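Chemist: The structure is given below, and queries will be raised subsequently.
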Amino acid sequence: MSASSVLFAVVSFATAIAVICLCIRWRRLSATEGYRRLSASTYVWALSYAILPIALGVLCLMGYYKGSPLAPFLLAAAVFVCVMGTLHRENGKTFLRTVRDFVGAYAPRGSRPHWPKAPKFMSKRSAKHRERREARAEAKRKKAEAAAAAGKQPSRLSTWAHQTLAPWAKTDFVRLCVAALFAFISLEICWHINLLTMNFLSRLIDWAMILFAMTALYFLFQRRSWGAVAVAVACFVLGVVEYFVVVLKGSVIQAGDIYALGTAAAVSDGLRFDFGGTVLLGAAALDLSLLALGRISPRVSNAAAGLDSAKEVEPDTYASTKAAASEATGEKNAAPSQQASASQDAAAGATGSKPKAARKPRRVARVAINVLLAVVCATGAWGSTHLAYAWTQLLGTKFWQPVIAYSDHGFLTSFFSMWYGMPIEVPKGYTTAKAKKIEKTLAKEYDSSDAAKTYKTASKQFNQVKPTVIFVQNETFSDLSKFYDLGYTGYTGPEYFNSISDALARGTLDVSVVGGGTCNSEFEFLTGNSMAYVGTGKYPYNLYNFSNVNSLAKQFKALGYGTIAIHPNVPSNWNRDKVYPQLGFDQFLSISDFEGAPVFHNGVTDLSTYQKMLDLIKASDKPLFLTDITMQNHTGYDTGNIPADRLTNYQLKNVNAYENAEFNEYVSCIKASDEDLKVFMQELRQLDKPVVLVFYGDHQPNISSNYLNDAVYPNEDSSSLSHQLRTFKTQYLIWANYDVAGTPATSTNKEISLSYLSSYMMELIGAPLTNHQKANLQTALKMPELTLMGYSDTNGNWKETSTDLTEATVSGSSDAAKAYRDLDMVQYLEFGSKVKH
């Protein structure tokens with residue numbers, strides 16, 4: 001525990017103790033002339049501000065706070081302001097006057113502090129303002145007296161405007177607006193500090209969503225602040241969660257994450273949740289939001305609800321009724337509830353209306369009106385979410401860089417824009433007949449190509465050999481030395497993996513995710529479909545039913561293969577326990593099948609899963625299709641759980657010590673995976689059964705997008721496509737322990753997209769190809785790379801948005817643009833039209 005952590009803890013606990021002392025000793029001030037004794041609810045509200053400092057103090061002692069030394073003091077200042085503002089709310093005095101009286105109340109008797117007079121120029125301005133205010137009040141009084149003398153009764157509209165609209169607009173509505181503003185700040189500032197550079201209308205829409213939600217709950221709870229408080233707290237909690245998602249995954253909370261909460265909880269054990277100063281700024285904003293909500297009236301009189309008839313109000317009681325309404329809707333708890341009730345009964349007696357017991361219908365009507373207003377506000381909140389989607393669509397916002405998009409447009413606007421974009425869009429001009437025609441045309445083009453001749457040779461061999469096919473998706477496996485200039489560190493990547501020279505094919509693999517989203521890489525390989533046509537922020541495993549979708553498991557199962565999936569973790573992760581049977585797997589081995597297995601870093605070792613597959617192959621009397629989704633390298637590279645003799649010590653430039661330690665922990669994990677792969681492949685070489693191995697990394701680690709890319713290339717535009725693409729690449733390997741007909745003796749080096757990889761593997765080993773796979777292979781000749789980021793043509797030119805891809809004027813190869821549109825049709829035929837939410 002560092003000295004700074006102890007200091008921050010002391011400051012936090014001292015703040016909490018000071019809050020308690022303020023509440024305990026406020027009774028001395030309550031004895032001062034002009035002050036009332038405070039209600040219990042006010043003390044509870046004030047004491048609630050001590051919760052955050054106490055929590056911060058505990059977390060500081062545990063060493064979780066890693067932020068600015070100024071932030072704890074700013075939070076302490078915000079807490080004091082909020083406590084004082086809460087304690088003075090029932091006394092009808094200004095905040096500064098309350099502070100002045102409070103300080104004076106603690107001074108020794110006979111030595112009260114002397115308060116200096118305001119400068120003359122301020123006194124003159126204050127006097128003029130007071131004179132104008134008094135003149136307006138006098139004019140209103142004379143007008144009311146003249147109307148009373150003439151026997152005029154105030155109209156119903158006038159009564160409503162004076163007793164309901166004006167007091168509410170000047171008090172509760174303004175307070176809701178202020179509370180919504182600070183709730184918005186608490187949501188955003190926790191994870192980014194670009195509030196001033198955000199799109200203005202997006203900020204306004206975000207604020208409107210929160211305001212509508214608060215107002216709806218305000219009316220639903222009969223003009224009390226409880227529901228609005230829940231909205232404010234929810235905004236802060238969302239901001240904190242967003243902070244950790246950005247820091248730990250290099251991503252944001254997206255629409256599809258709602259369906260993956262169980263997975264997120266299951267894989268978070270190895271993560272360390274350190275937080276920075278921006279979270280404390282968010283906490284300070286939350287306190288200010290609660291301060292505004294604490295001023296909202298808890299009771300509203302009949303007159304303030306607009307239910308008293310103007311005809312029932314006599315001129316001589318109009319002023320008193322208006323005062324009662326103003327008191328009920330103005331300063332919170334300006335009078336005890338008993339006094340308010342008494343004043344209402346007195347007004348009722350003066351006007352000849354029925355007693356309190358007979359006014360139950362009016363109370364029912366008031367409740368009904370509030371509920372109706374709540375529905376109206378809820379409709380406004382719902383409409384503002386649609387406005388957010390329309391606004392981002394109008395701007396053509398690119399959500400393939402979600403962190404940048406969210407920081408530009410705000411969390412709520414971005415989230416709901418992605419939410420409404422969840423359904424898979426039908427391609428423009430799509431018909432089933434047209435899509436089938438395109439697919440058949442591409443399949444015929446492949447059948448007449450030179451590649452098909454080589455494929456026929458391998459196909460004859462495959463029908464005779466029927467090899468076992470193993471697909472290993474190695475968690476976060478990537479040779480970072482291939483994509484980043486790390487030569488100065490001495491790091492050259494995984495030694496054994498790079499030394500394999502007898503692979504059928506190997507090279508760079510273009511993927512659609514970074515730092516997380518493992519299931520999307522798995523989806524692309526097993527189905528041959530690209531996330532480019534599914535969309536950003538979606539996780540197909542959590543959204544769709546795959547019963548009618550073709551997959552590799554179903555293909556091999558139709559050939560008489562046994563199909564087994566392995567994932568040494570919780571089976572419900574990414575909904576795998578439901579998706580795997582839909583994809584055609586007969587058996588699923590999860591964490592319960594690896595009891596007592598050795599663990600490295602954040603999961604069961606790779607070698608344990610490899611040994612399990614070897615046992616299955618040896619025990620089976622038929623060929624198998626095996627899928628292995630490993631876990632040991634899972635994100636969280638600040639755990640400090642790597643043995644010292646296995647921990648590397650490379651030194652990066654332009655990073656701090658913490659980030660350098662993260663890099664070395666990750667590299668140590670890759671080294672361990674490389675060693676396990678060596679043992680596995682040596683066993684496969686000696687196996688007397690034919691085996692094909694497909695090995696690749698699902699994505700790069702979050703450190704790539706968080707700081708490594710920027711640290712190695714500080715002069716590049718971090719938002720440019722070329723800069724971002726570097727983080728969406730891993731490596732792959734296709735290897736067999738027997739000589740595959742039609743393939744060269746040495747490895748073929750080829751860059752390929754993950755959605756093409758399974759089709760390419762099937763072609764190399766001569767396995768039966770579907771028309772969809774042939775379409776993929778033929779499309780790859782014109783559009784070699786296709787990911788969620790965009791696509792590349794044969795000249796290596798990338799286009800970043802799918803919107804641009806559908807335009808015939810797209811730069812680069814026009815053949816690639818046409819190939820994109822054709823494959824869009826084919827994928828909707830094979831996937832989009834078959835899935836159900």
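The values are calculated or read from the model by the stated rules, or taken from the named source; none is laboratory data. Fair warning: this is a prediction, and the values are worked out from it, not measured in the lab. So basically every Cβ, Gly included, is an ideal-geometry build from the backbone, and we count neighbours across all protein chains shown. With ligands, DNA and RNA removed, areas are computed over all heavy atoms of the protein, side chains included. Shrake-Rupley method; radii C 1.70, N 1.55, O 1.52, S 1.80 Å.
Chemist: Which of the numbered conditions does Ser478 fail, given that it passes all the others? Conditions: (1) open to solvent by less than 10 Å² (accessible area, probe 1.4 Å); (2) farther than 30 Å from Glu716 by Cβ.
Modeler: In the conditions (1) open to solvent by less than 10 Å² (accessible area, probe 1.4 Å); (2) farther than 30 Å from Glu716 by Cβ, Ser478 misses (2) alone.
Chemist: Can you find a residue in segment 655-666 that is open to solvent by less than 30 Å² (accessible area, probe 1.4 Å), outside any helix (DSSP H, G or I) and out of contact with any Asp or Glu (no Cβ under 7 Å at 6 or more places or on another chain)?
Modeler: no
Chemist: Name, by its number, the condition in (1) surrounded by fewer than 21 Cβ atoms within 10 Å (Cβ to Cβ); (2) closer than 25 Å to Leu757 by Cα that does not hold for Tyr580.
Modeler: If we test Tyr580 against (1) surrounded by fewer than 21 Cβ atoms within 10 Å (Cβ to Cβ); (2) closer than 25 Å to Leu757 by Cα, just (1) comes out false.
Chemist: Residues in segment 41-61: is at least one surrounded by fewer than 17 Cβ atoms within 10 Å (Cβ to Cβ), at positive phi and at pLDDT below 90?
Modeler: Taking every residue of segment 41-61 in turn, none turns out to be surrounded by fewer than 17 Cβ atoms within 10 Å (Cβ to Cβ), at positive phi and at pLDDT below 90.
Chemist: Looking at (1) at pLDDT 75 or above; (2) within 39 Å of the chain's Cα centre (by Cα); (3) among the charged types (D, E, K, R), which is the only condition Lys140 fails?
Modeler: (2)
Chemist: Conditions first: (1) of a type in the set (A, V, I, L, M); (2) at pLDDT 75 or above; (3) under 22 Å from Leu288 (Cα atoms); (4) over 29 Å from the mean Cα position of the chain (by Cα). Ala135 passes all but one, so which condition is the exception?
Modeler: (3)
Chemist: Looking only at residues in segment 567-577 that are open to solvent by 10 Å² or more (accessible area, probe 1.4 Å) and out of contact with any Ser or Thr (no Cβ under 6 Å at 6 or more places or on another chain), which one is modelled with the highest pLDDT?
Modeler: Asn569
Chemist: Identify, from the list Ser705, Ser792, Ser759, the residue that is over 28 Å from Asp822 (Cα atoms) and hydroxyl-bearing (Ser, Thr, Tyr).
Modeler: Within the list Ser705, Ser792, Ser759, the selection yields Ser705.
Chemist: Output the residue which, of all residues in segment 227-275 that are modelled with pLDDT of 90 or more and surrounded by fewer than 17 Cβ atoms within 10 Å (Cβ to Cβ), is nearest to the chain's Cα centre (by Cα).
Modeler: Val241
Chemist: Go through segment 645-654 and report how many residues are in contact (Cβ under 8 Å) with a residue 24 or more places away in the chain and assigned to a helix (DSSP H, G or I).
Modeler: The number of residues fulfilling the criteria is 1.
Chemist: Can you name every residue in segment 412-447 that is among the small types (Gly, Ala, Ser), open to solvent by 20 Å² or more (accessible area, probe 1.4 Å) and either in a loop (DSSP other than H, G, I, E, B) or closer than 16 Å to Arg821 by Cβ (or both)?
Modeler: Passing the criteria: Gly421, Gly429.
Chemist: When the residues of segment 688-706 are filtered to those that are more than 24 Å from Met631 (Cα to Cα) and either touching a residue at least 40 places away in the same chain (Cβ under 8 Å) or in a strand (DSSP E or B) (or both), which remaining residue is least open to solvent (accessible area, probe 1.4 Å)?
Modeler: Across segment 688-706, the extreme among qualifying residues is Pro690.
Chemist: Can you name every residue in segment 758-797 that is in contact with a His (Cβ under 9 Å, 6 or more places away or on another chain) and either without any contact (Cβ under 8 Å) to a residue 12 or more places away in the chain or in a loop (DSSP other than H, G, I, E, B) (or both)?
Modeler: Result: no residue meets the conditions.
Chemist: Also: Can you tell me which residue is least open to solvent (accessible area, probe 1.4 Å) among those in segment 707-737 that are outside any helix (DSSP H, G or I), out of contact with any strand residue (DSSP E or B) (no Cβ under 8 Å at 6 or more places or on another chain) and not charged (D, E, K, R)?
Modeler: Among residues in segment 707-737 that are outside any helix (DSSP H, G or I), out of contact with any strand residue (DSSP E or B) (no Cβ under 8 Å at 6 or more places or on another chain) and not charged (D, E, K, R), the one least open to solvent (accessible area, probe 1.4 Å) is Thr727.
Chemist: Would you tally the residues in segment 562-587 being of a type in the set (Val, Ile, Thr) and in a helix (DSSP H, G or I)?
Modeler: Final tally of qualifying residues: 1.
Chemist: If Val667 satisfies every condition in (1) under 30 Å from Val579 (Cα atoms); (2) in contact with a helix residue (DSSP H, G or I) (Cβ under 8 Å, 6 or more places away or on another chain) but one, which is the exception?
Modeler: (1)
Chemist: At least 1 residues that are open to solvent by 20 Å² or more (accessible area, probe 1.4 Å) in each: list the helices (runs of 4 or more DSSP H) lying fully within segment 483-561 that qualify.
Modeler: 495-499, 540-543, 552-558
Chemist: If you check Ala458, Ala388, which single one turns out to be open to solvent by less than 40 Å² (accessible area, probe 1.4 Å) and either more than 38 Å from the chain's Cα centre (by Cα) or on the phi > 0 side of the Ramachandran plot (or both)?
Modeler: Selected residue: Ala458, the only one of Ala458, Ala388 that is open to solvent by less than 40 Å² (accessible area, probe 1.4 Å) and either more than 38 Å from the chain's Cα centre (by Cα) or on the phi > 0 side of the Ramachandran plot (or both).
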